[in-house]
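A quick write-up on the structure given underneath.
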Amino acid sequence: MGKYIEMIRIRFLMMLAYRTNYYSGILIYSINIGAYYFLWNAIYGDKGSIEGMSALQMTSYIAIAWMARAFYFNNIDREIAQEIKEGKVAVELIRPYNYLLMKTMQGLGEGIFRLSFFSFPGMVIVALIFPIAFSADPVTWLLFAVALVFSFLINMQINLLTGILTFFFYNNTGLIRAKRVIIDLFSGLLLPISFFPGWAQQIMNFLPFQGISYVPSMIFTESFSGSEVIHAVLLQIVWVFILVLPIQTLWLIARKQLVVQGG
Amino acid sequence: MKYTQLFFQYAAQYMKTRLTYRTDMVVEIVSDLLSQAVNFIFILLVFGHTSMISGWSREEIIFIYGFFLVPFAIFGAFFNIWDFNERYIVKGEMDRILTRPIHSLFQIVLERMELESLFGVITGIAVMFYAGSRLDLTIAWYDPFVFVLLVLGGTLVYASIFILIASISFWSDSPTSIMPMMYNIGNYGRYPVNIYNSIIRFLLTWILPFAFVGVYPAAYFLGRENWYLYAFLTPVIGLVFFLFSIFMWNAGVTKYRGAGN
């Protein structure tokens with residue numbers, strides 16, 4: 001266990017060395033939040049609420065969705081693809097640790113770094129510019145934190161899956177790009193899932209994506225009521241378990257038929 | 001003459017290299033299409049809950065987005081020099097560029113072109129026809145010419161902003177982070193400017209004139225007469241900003257000192 005925790009620490013320190021790169025990131029996210037802030041206010045116009053959310057809840061939703069993205073988002077899929085392409089994965093496989101778990105830990109180190117140096121100060125800055133509703137209820141914050149952990153795990157698992165697919169496709173930069181675009185829409189980053197038409201919501205109930213952004217953001221803005229929160233978090237947990245299955249299967253097949261290109 | 005000839009030779013060469021890896025190219029075009037589709041779906045979803053956004057209907061917003069795609073695609077094909085600082089200044093590649101007997105910026109445009117981005121022109125025009133037919137827009141004989149003129153204006157706006165930022169690299173060495181920021185600010189131009197507050201509207205019109213890539217020129221085709229003045233300013237703004245950016249580029253090149261080594 002110690003070596004995995006050490007990995008989180010090392011990745012955190014690595015990111016810390018390049019922390020100045022992140023100041024512009026906060027600005028970019030703020031620019032995006034700003035665009036959606038004006039757009040949503042225009043959409044609401046004089047309507048009091050849409051799909052049970054007020055304009056203020058919506059801007060808070062957008063802000064927290066982007067700042068939470070800074071935490072769960074990482075390029076581990078691209079890193080894995082790179083290591084497979086360069087043949088480094090062969091060396092990784094003989095090292096005395098679980099490769100996928102190690103990658104997860106690196107992602108976590110990155111996430112913790114961004115949470116403290118990106119999401120947190122970013123949220124403070126955004127709250128100074130735009131009106132954002134923060135809950136006063138500690139239970140909401142606690143549930144939000146729990147949901148955020150699972151949102152990280154689900155996103156991480158999807159990244160691992162995409163990364164492992166490189167074993168079979170060799171060059172999957174296109175797949176990685178496409179995955180990112182799809183997650184932005186279907187995870188509820190761009191707009192809440194409740195804004196989709198009924199049939200689309202039905203389909204998305206069978207997909208893991210809404211666990212990434214929709215669930216934590218809805219909890220943060222208190223747009224979910226009582227039992228909905230518990231239900232949503234449980235759904236996240238179920239997905240974390242379900243996703244283990246395809247990852248392990250593909251990983252086993254991939255290791256058996258590994259072809260190292262160069263190296 | 002020499003420049004056009006060179007351009008076509010480079011373009012032919014580019015096609016050859018790209019066509020060697022056909023699947024890569026197809027995948028790239030498909031993932032571009034996918035992100036355009038996501039933006040399109042976003043507009044559709046939003047209008048499932050409202051009929052107007054600041055006085056603009058669903059079809060009008062879709063039309064503006066379609067128009068925006070055209071100059072953006074041309075810009076992406078030729079002026080996508082977001083990595084100029086890293087690629088040419090830090091690595092000292094600019095030395096090689098300066099020994100070539102054509103204008104340095106033109107040489108870089110030739111080297112950095114990404115012709116597959118032009119696919120967005122087709123998507124954009126298709127989106128405009130879709131929205132236009134639902135709005136019962138009619139096309140006058142001169143409209144295609146106006147369209148070309150306004151698209152050129154919009155492309156020049158985008159190009160000049162990126163050239164200006166690239167030029168900063170000649171004086172200072174850390175503007176790499178400004179480039180991605182510009183893409184995000186550029187997205188503001190996809191929606192009508194009257195949804196923003198007056199400061200941002202002023203900024204998008206006169207300082208970083210991204211509004212001239214989407215709303216303003218599109219307003220002409222949508223018959224929004226109160227915006228006509230801005231619509232016809234598009235080529236003027238494009239040209240003025242472009243000349244200014246070329247001037248700054250040329251001034252910057254004289255300051256270039258090489259990367260050592």
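The values are calculated or read from the model by the stated rules, or taken from the named source; none is laboratory data. Not measured: the values here are computed from a predicted model. Positions of Cβ are generated from backbone atoms using ideal geometry, with glycine treated the same way; all protein chains shown enter the neighbour counts.
Data overview
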quantity: Within the range B:34-62, considering residues that are aliphatic (A, V, I, L, M) and touching a residue at least 24 places away in the same chain (Cβ under 8 Å), the one farthest from the other protein chains (Cβ to nearest Cβ); calculated: B:I62
quantity: Among the residues listed as A:N21, A:N41, the single one being touching a helix residue (DSSP H, G or I) at 6+ places or on another chain (Cβ under 7 Å), among the polar types (S, T, N, Q) and within 13 Å of another protein chain (Cβ to nearest Cβ); calculated: A:N41
quantity: Only listed residue being modelled with pLDDT under 90 and assigned to a loop (DSSP other than H, G, I, E, B), chosen from B:S174, B:S169; calculated: B:S174
quantity: Given (1) in a helix (DSSP H, G or I); (2) more than 19 Å from the chain's Cα centre (by Cα); (3) crowded, with 19+ Cβ neighbours inside 10 Å, number of the condition A:I132 does not satisfy; calculated: (1)
quantity: Residue check, B:W206 in a helix (DSSP H, G or I), farther than 27 Å from B:S35 by Cβ, at pLDDT 90 or above and out of contact with any helix residue (DSSP H, G or I) (no Cβ under 7 Å at 6 or more places or on another chain); calculated: yes
quantity: Residue check for B:F106: free of Cβ contacts under 8 Å to residues at least 12 places away in the same chain, of a type in the set (F, W, Y), out of contact with any helix residue (DSSP H, G or I) (no Cβ under 6 Å at 6 or more places or on another chain) and part of a helix (DSSP H, G or I); calculated: no
quantity: Residue check, A:N32 assigned to a helix (DSSP H, G or I), over 27 Å from A:P96 (Cα atoms), at the interface with chain B (Cβ under 9 Å from one of its Cβ atoms) and under 21 Å from the mean Cα position of the chain (by Cα); calculated: yes
quantity: Sole residue being touching a helix residue (DSSP H, G or I) at 6+ places or on another chain (Cβ under 8 Å), more than 14 Å from every other protein chain (Cβ to nearest Cβ) and closer than 20 Å to A:E79 by Cβ, chosen from A:F152, A:F134; calculated: A:F152
quantity: Condition met for A:I212 (modelled with pLDDT of 95 or more, crowded, with 21+ Cβ neighbours inside 10 Å and at negative phi); calculated: yes
quantity: Test for A:G109: is it surrounded by 15 or more Cβ atoms within 10 Å (Cβ to Cβ), modelled with pLDDT of 90 or more and away from every other protein chain (no Cβ under 11 Å); calculated: yes
quantity: Any hit, the range B:10-33, residues being within 14 Å of chain A (Cβ to nearest Cβ) and small (G, A, S); calculated: yes
quantity: Answer from B:T254, B:T205, B:T234 - the residue that is touching a Pro at 6+ places or on another chain (Cβ under 7 Å) and either over 30 Å from B:T138 (Cβ atoms) or not aliphatic (A, V, I, L, M) (or both); calculated: B:T234
quantity: Yes/no for A:S217 being small (G, A, S), in contact (Cβ under 8 Å) with a residue 24 or more places away in the chain, assigned to a helix (DSSP H, G or I) and at negative phi; calculated: yes
quantity: Flag for A:P96 being within 21 Å of A:W141 (Cβ to Cβ), assigned to a loop (DSSP other than H, G, I, E, B) and of a type outside the set (K, R); calculated: no
quantity: The range A:220-263, residues that are among the charged types (D, E, K, R) and part of a helix (DSSP H, G or I); calculated: A:E228, A:R255, A:K256
quantity: Single unsatisfied condition, B:R257 versus (1) buried (at least 16 other Cβ atoms within 10 Å of the Cβ); (2) not in a helix (DSSP H, G or I); calculated: (1)
